[in-house]
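The values are calculated or read from the model by the stated rules, or taken from the named source; none is laboratory data. Quantities reported herein were computed from a predicted structural model and do not represent experimental measurements. In this analysis, Cβ positions are derived from the backbone assuming ideal geometry, glycine residues included, and neighbour counts consider all displayed protein chains. For the accessible areas, the whole protein counts, side chains as well, though only heavy atoms, and no ligand, DNA or RNA atoms are used. Shrake-Rupley method; radii C 1.70, N 1.55, O 1.52, S 1.80 Å.
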Amino acid sequence: MPRSKYIVGNWKMHGSLPDNAARLAALCASVTEQDNVAVCVPFPYLAQTQHMLAQSHIRWGAQNVSEYLGGAYTGEVAVSMLHDFGCHCVIVGHSERRALYGESDGQVATKAKTAAGSGLQPIICVGETLEERESDKTAAVVTRQLSAVLDSLDKSEKARLVVAYEPVWAIGTGRAANPDDIRKMHVLLRDLLRRAECDNTPLLYGGSVKAGNAQAILHIDHVDGALVGSASLNPEEFLDIIKAVRP
Ligand code: PGA
């Protein structure tokens, strides 16, 4: 995949049929062929999203997926089901999944492998908590999180990988990481990716990306795009972020 700036919206557990319809219609009207945009919506809205985006330049995906292909796993959703609704990508290992639902590095790696092996683009989230940052563990934590995934993927699976650096303390706080920290972490992650022969893996930043800081963040070296949470719920603001990376 070419390393063009990639803007991914993560709606989290927000939305309703009428709200989604308005949001998706606004995006469809303005996102062009040259943009590189996806939205990750709650499972029940995949059918609506597929229906509304099928003729658009926007791709879509989910926010989680099972590590199993099928079977007696009540409440889980398989990769084949995401393909049934035309998904292009799936967020894997978001910090909210790791912290609130106990997803381990091993589980995240298996999910990434299952997703990539099925042809989906797994968007792997890595990032340190405030406590880990304050005790100087940032590099060790993200290295451990990313290495677990890289070690599990074969060459063709690696070709589908996207990585998002999302410092946990910057998510939903309105306080994005500062440009120097983002640059430093992206250099570290880019180096890890290179050593795993993932030179072309897009490396996104996530954590309080807004219309007001998108230009500054998206033009930092080694930042290939953004994973956007709350600002992706407001179509005007999300479009401003998309426009910030247009040439
Ligand atoms: P935020 O969320 O943009 O609301 O900080 C980012 C994310 O959780 O992916």
Picked from the range 74-103 (must be part of a helix (DSSP H, G or I) and among the acidic types (D, E)), the residue least open to solvent (accessible area, probe 1.4 Å) is E96
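Residue by residue, here is whether (1) within 11 Å of the ligand (Cβ to nearest atom); (2) out of contact with any strand residue (DSSP E or B) (no Cβ under 8 Å at 6 or more places or on another chain); (3) modelled with pLDDT under 95; (4) hydrophobic (A, V, I, L, M, F, W, C) holds:
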residue	(1), (2), (3), (4)
L192	no, yes, no, yes
C198	no, yes, no, yes
P202	no, no, no, no
Y205	yes, no, no, no
A211	no, yes, no, yes
I220	no, no, no, yes
V223	no, no, no, yes
V228	yes, no, no, yes
Checklist line | Any hit, the range 146-158, residues being of a type outside the set (S, T, Y) and within 16 Å of the ligand (Cβ to nearest atom) | finding: no
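Residues checked against (1) among the aliphatic types (A, V, I, L, M); (2) assigned to a loop (DSSP other than H, G, I, E, B); (3) touching an Asp or Glu at 6+ places or on another chain (Cβ under 9 Å):
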position: W169; (1), (2), (3): no, no, yes
position: K184; (1), (2), (3): no, no, no
position: D221; (1), (2), (3): no, yes, no
position: A231; (1), (2), (3): yes, no, yes
position: D240; (1), (2), (3): no, no, no
position: K243; (1), (2), (3): no, no, yes
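Residue-by-condition table, conditions (1) at pLDDT 95 or above; (2) of a type in the set (S, T, N, Q); (3) under 23 Å from H57 (Cα atoms):
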| site | (1), (2), (3) |
| --- | --- |
| L82 | yes, no, yes |
| Q107 | yes, yes, no |
| K113 | yes, no, no |
| P122 | yes, no, yes |
| V126 | yes, no, no |
| E132 | yes, no, no |
| T143 | yes, yes, no |
Within the range 238-247, can one find any residue that is open to solvent by 10 Å² or more (accessible area, probe 1.4 Å), within 15 Å of the ligand (Cβ to nearest atom), modelled with pLDDT of 95 or more and more than 18 Å from the chain's Cα centre (by Cα)? yes
request  = Could you tell me whether E128 is over 23 Å from A38 (Cβ atoms), out of contact with any Cys (no Cβ under 9 Å at 6 or more places or on another chain), charged (D, E, K, R) and not in a helix (DSSP H, G or I)?
outcome  = yes
Of those in the range 152-162 that are touching a helix residue (DSSP H, G or I) at 6+ places or on another chain (Cβ under 7 Å) and part of a helix (DSSP H, G or I), the residue most open to solvent (accessible area, probe 1.4 Å) is S152
_Any residue at all in the range 163-186 that's within 18 Å of R59 (Cβ to Cβ), within 16 Å of the ligand (Cβ to nearest atom) and open to solvent by less than 30 Å² (accessible area, probe 1.4 Å)?_
yes
Of those in the range 112-129 that are more than 19 Å from L82 (Cβ to Cβ) and crowded, with 22+ Cβ neighbours inside 10 Å, the residue nearest to the ligand (Cβ to nearest atom) is G127
Practice prompt. Report whether or not E132 is crowded, with 20+ Cβ neighbours inside 10 Å and over 29 Å from A78 (Cβ atoms).
Written response: no
Filter the range 56-73 for residues that are over 19 Å from G229 (Cβ atoms) and of a type in the set (A, V, I, L, M); the one that is least open to solvent (accessible area, probe 1.4 Å) is A72
Counted residues in the range 191-213 being within 16 Å of the chain's Cα centre (by Cα) and either part of a helix (DSSP H, G or I) or among the charged types (D, E, K, R) (or both) come to 1
Taking the range 6-53 and the residues there that are open to solvent by 50 Å² or more (accessible area, probe 1.4 Å) and within 16 Å of the ligand (Cβ to nearest atom), the one that is nearest to E237 (Cα to Cα) would be H14
